[in-house]
Amino acid sequence: MRDLTEELKDLRLHGMADAWAELAAQGESSTASSKWLIEHLLDQEHADRAVRSVHHQMSMAKLPMHRDLAGFDFDVSSADARLVKELSTLSFTDTAQNVVFIGGPGTGKTHLATALAVAGITQHNKRVRFHSTVDLVNLLEREKHEGKTGRIARGLLRTDLVILD
């Protein structure tokens, strides 16, 4: 059975949680007609927050384009489909391991890295940040020149997956 008071508090709707607790204290008859509505509203709020979170994380990731693994043609690539599928679980981020894609221009390195980022955000609630290596070095140099060193590093520390292209 759902604890609506706790769900409301988890969503930081403390006033509503207190009001619901007061109604519930009056007995089942005072809440029976409203419970289905509150449950429906909570379900909608959870779904809306999940969608907004994905949109926000996709925006913060600064991906150069949206790519996923479904759009990658493993038949014309030397990439190991099984290994890439395993990497898409992003379990390597739990142990802070690095992944390096090696290949010539046009072999799909950026596509695969971006697809892992999208999977991380949409399926695993990971925080991701994509950087062109040259752009990141320039940002770090500018930060150093402005005497604000460490700001970018602190931001990257709060990230689950950093992609350098």
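Things worth noting here:
- Restricting attention to the stretch 57-97, the residues that are closer than 25 Å to Ser132 by Cβ and either touching an Asp or Glu at 6+ places or on another chain (Cβ under 7 Å) or surrounded by 12 or more Cβ atoms within 10 Å (Cβ to Cβ) (or both) total 19.
- Ile102 over 21 Å from the mean Cα position of the chain (by Cα) and not in a helix (DSSP H, G or I): yes
- All positions within the stretch 125-152 that are touching a strand residue (DSSP E or B) at 6+ places or on another chain (Cβ under 9 Å) and not hydrophobic (A, V, I, L, M, F, W, C): Lys126, Arg127, Arg129, His131, Ser132, Thr133
- Long-range neighbours under 6 Å by Cβ, at least six apart or interchain, first residue in the same structural domain as Leu8 (by TED's automatic domain parsing) and at pLDDT below 95 within the stretch 33-52, second assigned to a helix (DSSP H, G or I) and of a type in the set (A, V, I, L, M, F, W, C): Ile38/Leu4
- Residue selected from the stretch 143-162 under the condition exposed (fewer than 10 other Cβ atoms within 10 Å of the Cβ) and of a type in the set (D, E, K, R), by the criterion nearest to Leu112 (Cα to Cα): Arg158
The values are calculated or read from the model by the stated rules, or taken from the named source; none is laboratory data. If you're wondering where the values come from, they're calculated on a predicted model, not measured in any experiment. Note that each Cβ is placed from the backbone with ideal geometry, even for glycine, and that neighbours are counted across all protein chains shown.
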